[in-house]
Amino acid sequence: MSRQPPGERLLRAVVEGAPQGVIASDAEGVIQWTNSTAEALFGYGSGELTGQALAAVIPAQHRAQHDDHLRNYFETPQTRPTGQGLELTGLRKDGTAFPVEISLSYIDPPEGPLAIAFVTDITERKRLEHERDRFFEWSPDPLCIMRRDGSYSQVNPAFATQLGYDKGEMLGKPFGTFIHPADWEKSRVMLERLLAGQSIVQFENRLISKDRSVRWFQWTAHAPASGEEVFYAVARDVTDAREAAQSQQQLVALIENITDFVGLASADQPFRILHINQGGSEMLGLPPLPELQQLTIQDLAIVDAAVQEQIEEGLARRGHWIGEMQMRHYGTGEWIPVELNMFLVLFNNGERKPIARALVARDIRERKRGEERLRALTRQLLTAQEAERRRIARDLHDDVTQRLAGAAIELGLLRRERLSGGVSARVVRLEEQVGRLADDLRSLAHEIHPGALEHVGLSAALEAYCAESRRKKGVAIRYSARDVPGGIPPETAVVLYRIAQEAVGNALKHSGGSMVEVVLTGVQEEQGRIKLIVADNGKGFLVEDVRDSPGLGLLSIEERVQLVNGKLAIHSRPNEGSRVEVEVPLP
């Protein structure tokens, strides 16, 4: 081996301890010497690389290009500092390739110039860059890298897609190209703050999409690191949120002009109160709005928990709930009857996403008082009607029918006298007519006011009515009673009897069925109840189609049920018969 000049020996001593691999090669591409780090990097033993061509550490597909680079370098040699090196591919002794970064320098000893390559294994850096790029590409939020001049160096697919562009259409364009004119100056000031060194800047602006629609974005941008020429920004599309907030503000302005209770709460748990109008606050004695906005619907406890479950079910299934209920006065605890409509406020953004839940309640105390006065008047009228029925029935039974009976007796006596054949036959017919008229008047008196209702009770009266109707109409009418309590109030007994009359009459007149069943049942619970069922096997009907039909008397049945605080249910479908159920509480 030739004797090394002192300068070269000093250089080799210095680079031997360098953390990077160092390879010195001549203009012919022959390796003159390496440090131990380079030998380890490429998988060679001590001195194995010396004298070999550089091709030994370069993959075959890159060797021609490398030869050109080496030739050009020796023609105009220059130092390329670390950080400005070439990213190339190295080849290990075992044939595996790996990414490297090469920084070049040169020396010019007497034996001839040498290129000094500083080699860094950048496998780990490449892996991290790949992970970064994957995050950049797959992030659902808009991400971008901007140069100091404000142009886009890189944008991720989410950003481009939300604005309706291909990535290539945005790269290299100044950010001002996409900003709404009204926000350009604000955005320029934010860019200047970043360039002045402010570490993090947060702001909102509007960007114009390719289709000229406007989207709101909320930005967080980081100032360039020392020596970097780019900075990074992440955004979130807040268009829907801003438009939803604007819709809420418009809704609030509208509901303040309504005198009913109108409240808005968040669409999702925990249903935080957003707004309650002045009329609603006065109606329920609520605290000031700023205090309310710290609470949830549950905190106010103005709705009974059981009713709240029904409301939630209605909202989940249909998006609204309508009905009568009671709301608690926040100050006094008084329960106020209201007519309630609760519904989801939808933001029509294609997905029709709920932005709030609205509650509209009308105080119906005055209406309830009016209804109670009307029920009391109706009760008085029905009581008077029943009294008049009782009088008429008594007069028919005790007076008219008795007088007819007397006439029938007189005709019978007359028939026994010696009369001509023609006159005798006429007397017989007249006697029969008077007898039938007396029977009809007794039946009419019984229908007007059944005496059995007062003397033997509701169950016996219904049984007698069903038997009489069966005899007259020739239709099977079955009556049964189970666990009927004694001491049913007269008013309740009259109501149930009249409902049975109406329901059986409807079945006989309209159903076309062959059987009617009447059932009276006592229900023994914490509070006793009595239940009446009238069912037929006729042609049936759609309840909603006949509810207001005057011929069926459903309105009369409903009014009578309300008088005794009962519940009415009517079940029927075409060709499946009908069923009327009435349930009345007992004292």
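The values are calculated or read from the model by the stated rules, or taken from the named source; none is laboratory data. Everything numeric in this text was worked out from a predicted model, so none of it was measured. Cβ: placed from backbone, ideal geometry, glycine included. Neighbour counts: every protein chain shown.
Quick notes on this structure:
- Residue-level check: of (1) under 30 Å from ALA241 (Cβ atoms); (2) at pLDDT below 75, ALA361 misses just (2).
- Verdict on ARG573 being under 38 Å from the mean Cα position of the chain (by Cα) and modelled with pLDDT under 90: yes
- Among the residues listed as GLN278, GLN250, the single one being more than 24 Å from GLN326 (Cβ to Cβ), free of Cβ contacts under 8 Å to residues at least 40 places away in the same chain and of a type outside the set (Asp, Glu): GLN250
- Which listed residue is touching a strand residue (DSSP E or B) at 6+ places or on another chain (Cβ under 8 Å) and either assigned by TED's automatic domain parsing to the domain that holds ARG369 or more than 30 Å from TRP216 (Cα to Cα) (or both), from LEU340, LEU344: LEU340
- Selection of the range 214-234 for residues being in contact (Cβ under 8 Å) with a residue 40 or more places away in the chain and surrounded by fewer than 16 Cβ atoms within 10 Å (Cβ to Cβ) yields GLU229, VAL230.
- Within the range 288-307, residues that are closer than 14 Å to PHE261 by Cβ reach partners that are surrounded by 13 or more Cβ atoms within 10 Å (Cβ to Cβ) and of a type in the set (Val, Ile, Thr) with beta carbons closer than 6 Å, at six or more positions or on different chains, in the pairs LEU292/ILE273; LEU292/ILE276.
- Candidates ASP268, ASP304, ASP237 - the one that is of a type in the set (Asp, Glu) and crowded, with 17+ Cβ neighbours inside 10 Å: ASP237
- Residue ID - modelled with the highest pLDDT, chosen from residues in the range 424-482 that are more than 60 Å from the chain's Cα centre (by Cα) and of a type in the set (Asp, Glu): GLU432
- Residue count, the range 304-336 (criterion: β-branched (Val, Ile, Thr), at pLDDT below 85 and farther than 17 Å from ALA267 by Cβ): 1
- Looking only at residues in the range 359-376 that are hydrophobic (A, V, I, L, M, F, W, C) and exposed (fewer than 13 other Cβ atoms within 10 Å of the Cβ), the one that is nearest to MET325 (Cα to Cα) is LEU374.
- Taking the criterion of being touching a Lys or Arg at 6+ places or on another chain (Cβ under 7 Å) and either surrounded by fewer than 19 Cβ atoms within 10 Å (Cβ to Cβ) or over 17 Å from THR521 (Cβ atoms) (or both), the only residue of the range 489-505 that qualifies is ARG498.
- Members of the range 452-488 found to be hydrophobic (A, V, I, L, M, F, W, C), crowded, with 19+ Cβ neighbours inside 10 Å and either assigned to a helix (DSSP H, G or I) or on the phi > 0 side of the Ramachandran plot (or both), listed by number: LEU453, LEU458, ALA461, LEU462, CYS466
- Members of the range 250-277 found to be among the acidic types (Asp, Glu), in contact with a helix residue (DSSP H, G or I) (Cβ under 7 Å, 6 or more places away or on another chain) and either part of a strand (DSSP E or B) or under 15 Å from MET342 (Cα atoms) (or both), listed by number: ASP260
Listed here are the residues, each with its yes/no results for (1) surrounded by 20 or more Cβ atoms within 10 Å (Cβ to Cβ); (2) touching a strand residue (DSSP E or B) at 6+ places or on another chain (Cβ under 6 Å); (3) under 22 Å from THR332 (Cα atoms).
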residue: LEU251; (1), (2), (3): no, no, no
residue: ILE255; (1), (2), (3): yes, yes, no
residue: THR259; (1), (2), (3): no, no, yes
residue: VAL262; (1), (2), (3): yes, yes, yes
residue: ARG272; (1), (2), (3): no, yes, no
residue: GLN278; (1), (2), (3): no, no, yes
residue: GLU282; (1), (2), (3): no, no, yes
residue: PRO290; (1), (2), (3): no, no, yes
residue: LEU295; (1), (2), (3): no, yes, yes
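- Output for the range 489-524, where each listed residue is within 46 Å of the chain's Cα centre (by Cα), more than 24 Å from LYS539 (Cα to Cα), of a type in the set (A, V, I, L, M) and not in a strand (DSSP E or B): VAL495, LEU496
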